Number of protein chains: 2
Amino acid sequence: MTFKLVFLPPHRDHTRVWAERLAETVRDVRVAVPETLEDVRMEIADADAAFGTIPPELLALAEKLRWLQAPAAAPAAGYYYPELVRHPVVVTNFRGIFNDHIAAHIMAFVLAFARGMHRYIPRQMRQEWKPDEEGGMLHLPESTALIIGVGGIGAETARLCAAFGIRVIGVDVSREDLPDGVSEMHAPEALDGLLPGADFVIMTIPHTPQTEGMMGARRFTLMKPSAFLINIGRGMTVRLHDLDAALRGGEIGGAGLDVYEVEPLPPEHPLWTAPNVLLTPHVAGHGPYLDERRFEIITENARRFATGQPLINIVDKANWF
Amino acid sequence: MTFKLVFLPPHRDHTRVWAERLAETVRDVRVAVPETLEDVRMEIADADAAFGTIPPELLALAEKLRWLQAPAAAPAAGYYYPELVRHPVVVTNFRGIFNDHIAAHIMAFVLAFARGMHRYIPRQMRQEWKPDEEGGMLHLPESTALIIGVGGIGAETARLCAAFGIRVIGVDVSREDLPDGVSEMHAPEALDGLLPGADFVIMTIPHTPQTEGMMGARRFTLMKPSAFLINIGRGMTVRLHDLDAALRGGEIGGAGLDVYEVEPLPPEHPLWTAPNVLLTPHVAGHGPYLDERRFEIITENARRFATGQPLINIVDKANWF
């Protein structure tokens with residue numbers, strides 16, 4: 001079946017290349033690359049598919065649209081506005097492309113905390129030799145990681161945690177199977193009961209109405225005073241003011257963050273100087289092959305769309321109601 | 001067979017407890033705990049075995065001594081003086097007790113470097129939000145770790161590296177089998193040819209005449225400019241002056257050290273402020289159960305000695321010739 005795929009502006013160098021390569025490699029696709037919103041208005045009415053971000057006024061014109069490829073692994077919450085959620089179009093995203101990079105980043109935080117690097121590296125900066133007592137490390141084979149959000153990143157993290165003997169408990173809104181390395185899987189309702197048993201609370205979830213502010217003052221009091229919070233998902237799921245207070249009050253043992261309620265984290269933010277924090281500037285997904293992986297997902301879905309097969313990386317829009 | 005085991009002074013609280021527990025739990029052992037060197041002189045002449053550090057003048061009197069349990073996993077080089085190396089006594093050590101703790105510490109360094117923590121944590125200390133470019137991380141499935149010294153620690157490190165897809169090449173003075181996760185094993189003579197291919201050079205070796213200063217100026221020039229040196233073995237194997245120069249000159253990518261030629265590393269040492277270093281104060285072996293594990297080795301060897309079975313953790317004294 002021949003179908004029409006519109007690349008929505010704004011374009012970038014690599015998305016223009018993708019449009020060309022897609023037209024060359026996938027049979028049956030007609031690719032349009034309109035430059036202006038006026039041009040989009042012309043092209044979108046008979047479009048079967050689109051890549052990019054579509055504003056409500058253009059979606060209203062897209063009567064034939066049945067597939068929308070989002071330009072991110074986890075588009076910001078505003079991407080899914082009510083009209084799009086209600087629209088029959090199937091939305092796919094780029095999830096999966098960061099699994100290995102982000103899981104390694106999570107493990108860098110896990111290992112750093114287990115081996116006291118959050119204490120020793122600041123001492124190094126002060127040129128201070130000060131070993132703690134011999135028993136003062138977290139013994140991974142006796143520790144538990146609670147992974148909130150067991151998609152591709154969470155599952156890869158579980159596999160790596162298990163290699164260190166860490167017991168892994170998963171919390172997920174829909175997943176019920178036990179990926180390699182996960183010993184128990186629970187629904188989000190079980191979270192409060194699971195937090196007191198965790199040495200690492202690892203958050204890999206997107207920002208939805210349900211996940212916004214999921215970790216705040218009340219839940220920090222449920223964590224062990226020795227436990228570490230790790231968030232590499234979306235910043236809006238953790239209340240930074242509450243986290244800062246929990247760290248300074250010794251309610252939790254530390255935090256490793258890559259995402260924040262406000263990005264960039266402003267220089268005057270108190271979290272920078274909170275005790276026992278390791279902060280990276282939204283780089284957990286960094287690594288090679290990302291654009292190649294994005295293009296592979298577009299190509300695979302274009303092939304599937306043309307032949308009527310189910311798309312990959314479909315988004316459950318119900319999570320944004 | 002009844003035998004006599006002398007606990008050599010100086011004693012510590014836990015070694016006194018060990019002496020008592022050993023006498024209670026192992027049949028056929030007579031334990032002596034002399035307090036002074038004069039007392040040791042009386043006890044050592046008919047001793048079959050000893051625990052601790054024995055000076056040359058006492059060894060000369062120990063005509064019956066057939067087993068010496070060293071009080072460390074890798075006693076400092078001075079422990080093995082020429083008379084002890086030539087003496088027929090079998091020396092055993094505590095190796096193995098740190099395998100899990102030190103392998104986790106090594107992986108904390110490996111992951112930290114792979115994920116750019118050596119750049120991001122100093123920026124965090126300056127409250128600076130500065131992400132590097134998206135591709136600027138070390139992709140572990142395309143990296144190679146050269147593990148110098150594949151004993152218990154090296155083998156456990158290899159297993160963990162393999163879980164991240166890291167290719168592991170081992171260098172060892174005697175081992176020829178391929179432990180889980182190791183793809184190639186070489187003799188030390190191959191080192192110069194292997195260094196240019198490594199992204200991580202991980203040193204787990206003891207301090208012997210052969211290993212002293214093993215990594216110095218010449219070998220740093222053989223490493224990739226992007227490669228990381230990790231030393232958790234013995235400080236005397238790495239020339240710190242040369243390392244500091246290699247780091248400042250960009251000859252290597254970074255270094256994670258837990259042991260040093262001089263310990264404590266003096267506050268004025270230039271290495272503290274060298275670029276891309278992560279320094280911990282000889283704590284890689286820290287973790288729980290160490291004294292329990294030490295006592296288990298003494299007990300196991302006492303049982304074996306009494307029944308004429310081969311001892312565990314025997315030291316190849318030839319390495320100290």
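Do you know the relative contact order of chain B, to the nearest whole percent, from alpha carbon pairs under 8 angstrom that are 6+ apart?
Once normalised by length, the contact order is 16 percent.
Apply 1/(1 + (r/R0)^6) to the Cβ-Cβ distance of A:Q210 and A:E128, taking R0 = 41 Å, and write down the FRET efficiency to the nearest 0.05.
Working from the Cβ atoms, E equals 0.40.
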Among residues other than A:L243 whose Cβ falls under 11 Å from its Cβ, what is the net charge (Lys/Arg +1, Asp/Glu -1)?
-> -1
Within 10 Å of each Cβ in A:132-138, the average number of Cβ atoms from other chains = 5
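Over all directions, how big on average is the projection of the convex hull of the alpha-carbon atoms in chain B, in square nanometres?
Taking the Cα atoms of chain B, their convex hull projects to 18.1 nm² on average.
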Grab the other residues whose beta carbon is less than 14 angstrom from that of A:L311, score K and R as +1, D and E as -1, and report the net.
-> +1
Tally up the carbon and sulfur contribution to the accessible surface of segment B:164-321 as a whole percent, 1.4 Å probe, everything protein left in place.
-> 54
Pop the C-beta distance of A:A72 and B:S183 into the FRET formula with R0 = 45 Å and round what comes out to the nearest 0.05.
-> 0.75
Restraint check, A:K224/A:K317; A:K64/A:K317; B:K224/B:K317; A:K130/B:K317, Cα-Cα greater than 27 Å | A:K224/A:K317; B:K224/B:K317; A:K130/B:K317
With one decimal in nm and the nearest listed first, the spacings from B:P55 to its own position in the other copies, using label points 7 Å along Cα-to-Cβ, are 8.8
When the charge dipole of segment A:225-278 is computed with +1 on Lys and Arg Cβ and -1 on Asp and Glu Cβ about the Cα centre, the Cα farthest towards its positive end, among A:A255, A:H241, A:A274, belongs to A:A255
For B:L194, net neighbour charge (Lys/Arg +1, Asp/Glu -1) across residues whose Cβ lies under 11 Å away = -2
Treating the beta-carbon of each Lys and Arg as +1 and of each Asp and Glu as -1, no other charges, what is the dipole magnitude of chain B about its Cα centre, to the nearest 20 debye?
-> 140
For segment A:99-279, size of Cβ-based charge dipole, Lys and Arg +1, Asp and Glu -1, in debye = 420
Sort shortest first the distances from A:I312 to its counterpart in every other copy, using label points 7 Å along the Cα-to-beta-carbon line, and give them in nm.
-> 4.8
When you take every Cα atom in segment A:53-98, what is the radius of gyration, and what is Dmax, the widest Cα pair distance, in Å?
-> 10.7, 33
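How big is the C-alpha Rg of segment B:63-188 next to the rule-of-thumb value 2.2 N^0.38 Å, as a ratio?
1.43
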If you draw the axis that swings chain B onto chain A, which residue of B has its Cβ closest to it, and how far is that in whole Å?
-> B:A163, 2
Taking only DSSP H segments of four or more residues, each worth -39500 (n - 2.57), what value at 222 nm results for the protein assembly as shown once the sum is divided by all its residues, to the nearest 500 deg cm²/dmol?
-> -9000 deg cm²/dmol
Give the calculated FRET efficiency between B:M1 and B:R248 to the nearest 0.05, with a Förster radius of 60 Å applied to their Cβ-Cβ distance.
-> 0.50
Once phi is turned into θ = phi - 60°, what whole-Hz ³J(HN,Hα) does the Karplus curve with 6.51, -1.76 and 1.60 give for every residue of segment B:98-108, x standing for Gly and Pro?
-> 9, 3, 5, 5, 6, 4, 5, 5, 4, 5, 4
Write down, largest first, the equivalent ellipsoid semi-axes of segment B:117-179 in whole Å, where each equals the square root of 5 times an eigenvalue of the alpha-carbon gyration tensor.
-> 33, 13, 9
Hey, for B:K130 with labels 7 Å out along Cα-Cβ, what do the inter-copy distances come to in nm, ordered shortest first?
-> 2.6
A versus B: buried accessible surface, summed, Å² (probe 1.4 Å, to nearest 100) | 4800
Extension gain, A:A45 back to A:E24 (0.36 nm per residue minus Cα-Cα distance, nm) | 5.2 nm
Take every Cα-Cα distance within segment A:99-279, group them into 5 Å bins from 0 onward, and report for each bin the whole-number percent of pairs it holds.
-> 1, 8, 18, 22, 22, 15, 8, 3, 1, 0
Within the set B:H207, B:H105, B:H11, GNM on chain B using Cα springs under 10 Å gives the largest fluctuation to B:H11
Ignoring ligands and nucleic acids, B:V277 exposes an accessible area, probe 1.4 Å, in Å² to the nearest 10, of 10
Report the accessible area of B:D46, computed with a 1.4 Å probe over the heavy atoms of all protein chains in place, in Å² rounded to the nearest 10.
-> 60
Express as a percent, rounded to the nearest 5, the fraction of DSSP beta bridges in chain A (both residues included) that run antiparallel.
-> 5
Tell me, what is a quarter of the convex hull surface for the C-alpha atoms of segment B:1-111, in nm² with one decimal?
-> 8.4
Once the protein assembly as shown is represented by equal point scatterers at the alpha-carbon sites, with solvent omitted, what log10 I(q)/I(0) does the Debye formula produce at q = 0.07, 0.09 Å⁻¹?
-> -0.55, -0.83
In debye, nearest 20: dipole of the protein assembly as shown around its Cα centre with unit charges on the Cβ of K, R (+) and D, E (-)?
-> 80
Computed over segment B:135-225, the distribution of all Cα-Cα distances in 10 Å bins, rounded to whole %, is 17, 51, 28, 3, 0
Helix B:290-306: angle to the longest alpha-carbon principal axis of chain B, degrees 0 to 90, nearest 10?
-> 40
Can you give the accessible area of A:L278, probe radius 1.4 Å, in Å² rounded to 10?
-> 10
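The values are calculated or read from the model by the stated rules, or taken from the named source; none is laboratory data. Predicted model, so just to flag it, every value in this text is computed and none were measured. Neighbour counts run over all protein chains shown; Cβ positions are idealised from the backbone, glycine included. Side chains are part of the model used for accessible areas, which takes the heavy atoms of the whole protein and leaves out ligands, DNA and RNA. Shrake-Rupley method; radii C 1.70, N 1.55, O 1.52, S 1.80 Å.
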